[in-house]
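A.B. asks: Supplied in structure tokens, the structure appears directly below.
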Amino acid sequence: MDDRHMSQVARGRMALMAALSVGIAAGAAPAMAQQAAGEAEGAVMLPTLGVEGEAIAPSNKPEQAASPKYTAPLRDTPQTITVVPAAVIKEQNLLNLRDILSTVPGITFGAGEGGGGYGDSINLRGYTANSDIAIDGVRDSAQYVRSDPFNLEQLEVTNGANSVYAGSGAVGGSINLVSKAAKDDSFTTASAGIGTDAYYRATIDTNQKIDDGTAVRLNAMWHRNDVPGRDVEEYKRWGVAPSVVFGLNTDTQFTLSYFHQEDDNVPQYGLPYFQNAYHNGMLPGVEWDNYYGYSNLDRQDSQADIVTAKLEHRFTDRLSVQNLTRWQRVTQYAVVNPPQGTWCLYDGTNASTGAACAAAGTYAPSGPRGNTRDTRNSMLFNQTDLKLTADTGGIRHNLTLGMAVFSEKFHLDTGNWQRNPGGATPNPTLPAMDIANPDHVYTGPLNYVQTQTQDGTLENQAVYLFDQIKLNDQFEINGGLRWEHNKGDYTAGTYTGGVFSSQGELYRNTDSLFSYRAGLVYKPAANGSFYIAYGNSKTPSKSAVNGSCTAGSGATFVNNCNVDPETARNYEIGTKWDLLDNQLSLTAAIFRNERSNYKVPSADPLVPEYQLRGKSRVDGASLGIAGTVTQEWRVFANYTYLDSEVLRGADEGLADPTRGNPLTSIMKHSGSLWTTYDLPAGVQLGYGVTYYGRMYLNNSGAVLYRTPDFWVHRASASYWLNEETQIQVNVNNLFDKHYFTRIRNNGWATPGDARSATLTVNYTF
């Protein structure tokens with residue numbers, strides 16, 4: 001939240017949380033000092049304090065999720081958690097969040113903008129995860145493009161309903177980005193890259209010990225490239241992320257980090273795409289590199305600033321406390337011209353209706369051309385975690401007791417640049433374009449006219465408890481409880497002729513939420529486990545600061561502010577094994593993820609509130625392998641099968657055209673493989689392939705339309721000139737496959753990158 005607007009109540013809550021964390025530490029110290037003197041031999045020692053209080057493996061087989069909420073290693077955690085480590089990201093030269101997540105099966109991407117503006121739109125196991133993205137376990141709910149991994153240690157995808165870990169929402173799972181931070185080491189890695197499509201990139205990652213107790217780290221990045229296979233779109237960005245740690249190798253450690261990144265991009269919408277009775281995908285006459293917006297107007301400028309302070313203290317080998325405080329602000333200014341309008345094809349038919357049209361071979365732009373969104377998201381967050389290992393009656397407990405509070409603020413100014421003087425509406429009549437050769441330079445009037453403002457706030461306070469209960473060497477119970485109080489509001493102001501005319505009603509939503517998760521783990525051997533688990537999630541009407549809740553009345557049926565929270569549940573049975581001297585991890589699971597009461601419009605005209613009658617489910621299975629097969633051969637691969645169904649999609653008394661049909665934007669089959677092999681003389685070869693299965697674009701109507709499936713290949717080769725210098729070559733989309741990554745049916749689809757190649761020199765000293 002912007003500190004100019006922070007309420008005194010929110011400030012008081014932050015201060016209270018900080019005071020409680022200090023109080024817990026002070027009150028526990030004497031008792032724990034006594035306990036330490038009498039601890040039994042063989043007690044489980046807490047790991048050395050690190051970036052997140054846990055060890056993070058540098059290979060492609062991570063051992064632990066970063067969050068202190070996870071009380072057991074990944075092998076003994078009864079849930080599917082896919083961790084993509086920095087090594088795998090670097091070897092494939094993955095350059096943004098979408099690239100990384102495309103290697104995690106079960107995830108698809110949306111092409112709609114949403115109310116918050118242009119940015120990442122993610123579906124996880126069939127359900128939206130736009131507000132379920134976190135950085136270091138801290139909610140990152142702004143809608144923007146997370147465009148670079150230069151400060152990323154690893155990425156964690158927790159699959160299945162899990163509000164207990166991620167907070168309200170998390171219907172299909174959650175995504176956590178783990179940041180780099182100063183640590184007990186000294187190294188410097190500088191990289192410079194060039195490539196096709198005007199690719200230029202430079203990064204540095206340096207960590208230096210100042211003395212035995214102090215270290216500093218600096219990550220910095222400068223990047224630009226044209227989008228491969230596209231005429232207009234380009235990415236430009238730079239970022240810097242310094243951090244410092246005090247108290248290395250002592251019982252008290254303090255880390256201060258800052259992150260800053262600026263992007264200056266041309267946003268990607270893509271090509272006209274229609275699956276209906278007349279067409280089956282990209283429209284005829286369209287070239288893959290065509291641009292149907294206005295290249296001299298379209299822009300997406302964003303800036304992210306994050307300040308994080310983390311204090312860790314170890315009382316004994318069995319008790320420690322951690323407090324994390326964060327301030328974050330994300331701004332984005334976007335002017336967009338999606339390819340919306342009337343498409344009169346070369347055969348003289350309208351692409352939408354199939355009817356005859358006069359201007360064959362032309363595209364008449366319309367819709368929100370020149371639409372402008374200026375957004376600001378700000379947040380203040382504080383979290384305290386107390387970790388304890390204790391024995392009660394011969395049973396070992398690894399406990400995390402925590403509390404968190406955050407306050408967010410969202411502001412959006414909406415307007416339009418392509419207006420006549422004085423702001424006359426509708427948009428000026430725009431000249432038609434040739435479908436095959438669109439004129440993407442705008443020459444009409446430029447007058448910005450504001451049309452609306454939106455404001456939202458969200459405050460949340462939570463307490464939670466997690467416990468790994470070791471009954472004996474073979475059986476464990478792993479569970480968690482979370483209670484949170486969620487309060488938000490939303491209001492919109494309108495403008496007439498660019499002049500403020502009225503402020504809408506302030507809508508409020510307040511809910512108390514209870515979520516939980518429990519799993520039974522059976523370990524037939526020290527290196528393997530079987531498990532069965534159950535968990536839920538709760539989603540209030542105001543689950544995201546940039547989401548609206550409105551009252552509505554009469555036939556509009558849009559009142560969702562006072563509707564009880566939605567519920568989702570996850571059932572899972574799985575197994576995890578570490579083989580080959582714990583160098584290779586194998587995982588398998590079957591699961592059901594279901595929404596039992598999502599909101600649908602009311603059938604009663606006298607009851608405008610939405611009704612919690614919707615129900616859907618996703619059944620599936622997942623397989624994973626990560627680690628070292630031989631000393632030379634490493635592999636990272638995952639496969640997911642998803643089978644979905646709408647069980648009820650309308651209120652009683654209303655027609656239900658979706659019932660029995662699959663959910664949209666779910667690939668039944670998806671998988672990804674990345675493998676490297678070390679040859680003699682310092683040569684490493686890498687190969688990867690991702691399979692994108694078919695998915696439905698609609699789930700109502702007489703005909704259901706599906707996308708085609710496809711494979712995308714990539715390859716790498718690297719050579720160590722000496723102990724310090726590595727040359728790395730990456731080729732993406734090896735066979736230059738034409739495909740779409742995001743689809744808005746009967747609108748547009750975003751092409752995947754064409755074949756591209758990069759050459760990177762890494763120098764480590």
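The values are calculated or read from the model by the stated rules, or taken from the named source; none is laboratory data. Only a predicted model underlies this, so the values are computations on that prediction, with no experimental measurement involved. Reconstructed Cβ throughout: ideal geometry from the backbone, glycine too, with neighbour counts over all protein chains shown.
A.B. asks: Cβ-Cβ distance below 6 Å, separation of 6 or more or different chains: which pairs start in the range 652-667 with a residue that is under 25 Å from THR707 (Cβ atoms) and without any contact (Cβ under 8 Å) to a residue 60 or more places away in the chain and end on one that is assigned to a loop (DSSP other than H, G, I, E, B) and of a type in the set (Gly, Ala, Ser)?
C.D. replies: ASP656/GLY649; ASP656/ALA650; PRO657/SER700; THR658/GLY649; THR658/SER700; ARG659/GLY649
A.B. asks: Follow-up question, since we're still on this one. Taking the residues in the range 681-696 that are under 25 Å from the mean Cα position of the chain (by Cα) and aliphatic (A, V, I, L, M) as candidates, determine which candidate is farthest from GLU723 (Cα to Cα).
C.D. replies: Here the answer is MET695.
A.B. asks: Further question: Which of (1) under 20 Å from LEU74 (Cα atoms); (2) aromatic (Phe, Trp, Tyr); (3) surrounded by fewer than 18 Cβ atoms within 10 Å (Cβ to Cβ) is the odd one out, the single condition PHE636 does not satisfy?
C.D. replies: Every condition holds for PHE636 apart from (3).
A.B. asks: Which residue out of LYS523, LYS487, LYS542 is in contact (Cβ under 8 Å) with a residue 24 or more places away in the chain, within 24 Å of PRO605 (Cα to Cα), buried (at least 16 other Cβ atoms within 10 Å of the Cβ) and basic (Lys, Arg)?
C.D. replies: LYS542
A.B. asks: Out of all the residues in the range 440-477, which are without any contact (Cβ under 8 Å) to a residue 60 or more places away in the chain and of a type in the set (Gly, Ala, Ser)?
C.D. replies: The answer is GLY444, and nothing else.
A.B. asks: While we're looking at this one, here's another question. If GLN322 satisfies all but one of (1) out of contact with any Ser or Thr (no Cβ under 9 Å at 6 or more places or on another chain); (2) in a strand (DSSP E or B), what's the number of the condition it fails?
C.D. replies: (1)
A.B. asks: When you go through THR316, THR308 one by one, which is the residue that is hydroxyl-bearing (Ser, Thr, Tyr), in contact with a Ser or Thr (Cβ under 7 Å, 6 or more places away or on another chain) and either buried (at least 20 other Cβ atoms within 10 Å of the Cβ) or at pLDDT 95 or above (or both)?
C.D. replies: Going through THR316, THR308 in turn, the sole match is THR308.
A.B. asks: Among the residues that make up the range 369-376, is at least one of them among the acidic types (Asp, Glu) and within 30 Å of LEU506 (Cα to Cα)?
C.D. replies: The answer is yes, given that some residue of the range 369-376 is among the acidic types (Asp, Glu) and within 30 Å of LEU506 (Cα to Cα).
A.B. asks: Among the residues of the range 562-582, write down those that are more than 30 Å from GLU632 (Cα to Cα) and aromatic (Phe, Trp, Tyr).
C.D. replies: Answer for the range 562-582, where residues must be more than 30 Å from GLU632 (Cα to Cα) and aromatic (Phe, Trp, Tyr): just TYR571.
A.B. asks: Please determine whether any residue of the range 396-418 is out of contact with any Asp or Glu (no Cβ under 7 Å at 6 or more places or on another chain), outside any strand (DSSP E or B) and free of Cβ contacts under 8 Å to residues at least 60 places away in the same chain.
C.D. replies: no
A.B. asks: Also: With the requirement that a residue be in a loop (DSSP other than H, G, I, E, B) and of a type in the set (Asp, Glu), what does the range 121-171 give you?
C.D. replies: Once the filter is applied, which keeps residues that are in a loop (DSSP other than H, G, I, E, B) and of a type in the set (Asp, Glu), the range 121-171 yields ASP132, ASP136, ASP140, ASP148.
A.B. asks: Please state which of the following conditions GLY167 fails to meet, knowing it meets all the rest: (1) surrounded by 22 or more Cβ atoms within 10 Å (Cβ to Cβ); (2) touching a Pro at 6+ places or on another chain (Cβ under 8 Å); (3) not hydroxyl-bearing (Ser, Thr, Tyr).
C.D. replies: (2)
A.B. asks: Report, by residue number, each residue of the range 424-459 that is assigned to a strand (DSSP E or B), within 17 Å of ASN290 (Cβ to Cβ) and out of contact with any Asp or Glu (no Cβ under 8 Å at 6 or more places or on another chain).
C.D. replies: Across the range 424-459, the qualifying residue is only ASP434.
A.B. asks: Now a separate question. Restricting attention to the range 701-719, does a residue exist that is touching a helix residue (DSSP H, G or I) at 6+ places or on another chain (Cβ under 9 Å), modelled with pLDDT under 95 and closer than 30 Å to PRO365 by Cβ?
C.D. replies: no
A.B. asks: Can I ask one more? Exactly one of (1) on the phi < 0 side of the Ramachandran plot; (2) assigned to a loop (DSSP other than H, G, I, E, B) is unmet by THR676. Its number?
C.D. replies: (2)
A.B. asks: Every residue in the range 346-375 that is touching a residue at least 24 places away in the same chain (Cβ under 8 Å), surrounded by 17 or more Cβ atoms within 10 Å (Cβ to Cβ) and in contact with a Ser or Thr (Cβ under 9 Å, 6 or more places away or on another chain), please.
C.D. replies: Residues satisfying the conditions are ALA351, THR362, TYR363, PRO365, ASN371, THR372, ARG373, ASP374, THR375.
A.B. asks: For the range 247-265, which positions are assigned to a strand (DSSP E or B) and within 23 Å of ILE204 (Cβ to Cβ)?
C.D. replies: Those that are assigned to a strand (DSSP E or B) and within 23 Å of ILE204 (Cβ to Cβ): THR255, LEU256, SER257, TYR258, PHE259, HIS260, GLN261, GLU262, ASP263, ASP264, ASN265.
A.B. asks: Restricting to the range 551-568, name every residue that is polar (S, T, N, Q), buried (at least 16 other Cβ atoms within 10 Å of the Cβ) and either modelled with pLDDT of 80 or more or outside any loop (DSSP other than H, G, I, E, B) (or both).
C.D. replies: Correct list: ASN559, THR567.
A.B. asks: Taking TYR269 and the conditions (1) touching a Ser or Thr at 6+ places or on another chain (Cβ under 9 Å); (2) more than 30 Å from TRP343 (Cα to Cα); (3) among the hydroxyl-bearing types (Ser, Thr, Tyr); (4) outside any strand (DSSP E or B), which numbered condition does it fall short on, given that it satisfies the others?
C.D. replies: (2)
A.B. asks: Consider ASP434 carefully, then state whether it is among the acidic types (Asp, Glu), touching a Gly at 6+ places or on another chain (Cβ under 7 Å), touching a residue at least 12 places away in the same chain (Cβ under 8 Å) and loosely packed, with under 15 Cβ neighbours inside 10 Å.
C.D. replies: Yes, satisfied.
Residues are listed down the side, and each one gets a yes or a no for (1) surrounded by fewer than 15 Cβ atoms within 10 Å (Cβ to Cβ); (2) among the β-branched types (Val, Ile, Thr); (3) in a loop (DSSP other than H, G, I, E, B):
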{"position": "GLY653", "(1), (2), (3)": "yes, no, yes"}
{"position": "GLY660", "(1), (2), (3)": "yes, no, yes"}
{"position": "GLY688", "(1), (2), (3)": "no, no, no"}
{"position": "TYR691", "(1), (2), (3)": "no, no, no"}
{"position": "TRP711", "(1), (2), (3)": "yes, no, no"}
{"position": "SER718", "(1), (2), (3)": "no, no, no"}
{"position": "GLN726", "(1), (2), (3)": "no, no, no"}
{"position": "ASN730", "(1), (2), (3)": "no, no, no"}
{"position": "TRP748", "(1), (2), (3)": "no, no, no"}
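A.B. asks: Of (1) under 24 Å from HIS669 (Cβ atoms); (2) among the charged types (D, E, K, R); (3) touching an Asp or Glu at 6+ places or on another chain (Cβ under 9 Å), ARG125 satisfies all except one. Which?
C.D. replies: Only one criterion in (1) under 24 Å from HIS669 (Cβ atoms); (2) among the charged types (D, E, K, R); (3) touching an Asp or Glu at 6+ places or on another chain (Cβ under 9 Å) is unmet by ARG125, namely (3).
A.B. asks: Run down THR400, THR392 and say which single residue is surrounded by fewer than 20 Cβ atoms within 10 Å (Cβ to Cβ), of a type outside the set (A, V, I, L, M), out of contact with any His (no Cβ under 8 Å at 6 or more places or on another chain) and at negative phi.
C.D. replies: Within the list THR400, THR392, the selection yields THR392.
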